[in-house]
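The structure under discussion appears below in the form of structure tokens.
The values are calculated or read from the model by the stated rules, or taken from the named source; none is laboratory data. Since this is a predicted model, take the numbers as computed values, not measurements. Virtual Cβ from ideal backbone geometry, glycine too; neighbours counted across all protein chains shown.
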Amino acid sequence: MIGRLNHVAIAVPDLAAAARQYEAVLGAQVRAPQDEPDHGVRVVFIDLPNTKVELLTPLGEGSPIAGFLEKNPSGGIHHLCFEVEDILAARDRLLAEGARVLGPAEPKIGAHGKPVLFLHPKDFNGTLIELEQV
Ligand code: CO
């Protein structure tokens, strides 16, 4: 069911510093920052030949990654995003298998303008998983 690894998301305390590091030190193609008010984050995408890295920092009050950064003040891997062809079919299969979908279990529009869902990290070995329909 899952396809390509679309991105690895890393929560960072200082988005500009992290983006600069990927560009200057690691020599990566870094895109411009993008605000995602619906998700409470500001993101920078980094294009790699086989996948992307998504740097995330809190945006506004009550950001879902604020607690993560409190526990991991220097940042850390926040989630993995896998591609699926049909997000509603994927959701129904996961629910039937007993996995928990976060929130109201209806896809939201994610950072790429495509529908996304998040799965409970406790059901997947402590890893928050995002599914994105491509
Ligand atoms: Co993501």
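Regarding Glu83, is this residue away from the ligand (no atom under 15 Å from the Cβ) and not in a loop (DSSP other than H, G, I, E, B)? So Glu83 does not fit the description; no.
Filtered by the rule that a residue be closer than 16 Å to Pro64 by Cβ and not charged (D, E, K, R), the range 108-133 gives Ile109, Gly110, Ala111, Val116, Leu117, Phe118, Leu119, His120, Pro121, Thr127, Leu128, Ile129.
Being over 14 Å from the mean Cα position of the chain (by Cα), surrounded by 15 or more Cβ atoms within 10 Å (Cβ to Cβ) and away from the ligand (no atom under 16 Å from the Cβ) is a property that Gln21 has.
On the given criteria, is Asn50 modelled with pLDDT of 95 or more, more than 16 Å from the ligand (Cβ to nearest atom) and under 19 Å from Leu131 (Cα atoms)?
Here the answer is yes, as Asn50 does meet what is asked.
The residue list Ala99, Ala89 contains one member that is among the aliphatic types (A, V, I, L, M), in a loop (DSSP other than H, G, I, E, B), surrounded by fewer than 19 Cβ atoms within 10 Å (Cβ to Cβ) and away from the ligand (no atom under 16 Å from the Cβ), which is Ala99. Of the residues that make up the range 92-107, is at least one touching a residue at least 24 places away in the same chain (Cβ under 8 Å) and within 30 Å of Ala17 (Cα to Cα)? No, there is no match, as no residue in the range 92-107 is touching a residue at least 24 places away in the same chain (Cβ under 8 Å) and within 30 Å of Ala17 (Cα to Cα). In the condition set (1) on the phi < 0 side of the Ramachandran plot; (2) in contact with a strand residue (DSSP E or B) (Cβ under 7 Å, 6 or more places away or on another chain); (3) at pLDDT 95 or above, Ala111 is compliant with all but (3). The set of residues in the range 102-131 that are farther than 17 Å from Val41 by Cα, outside any loop (DSSP other than H, G, I, E, B) and charged (D, E, K, R) comprises Lys122, Asp123. Kindly indicate whether His39 is within 13 Å of the ligand (Cβ to nearest atom) and modelled with pLDDT of 95 or more. No, not satisfied.
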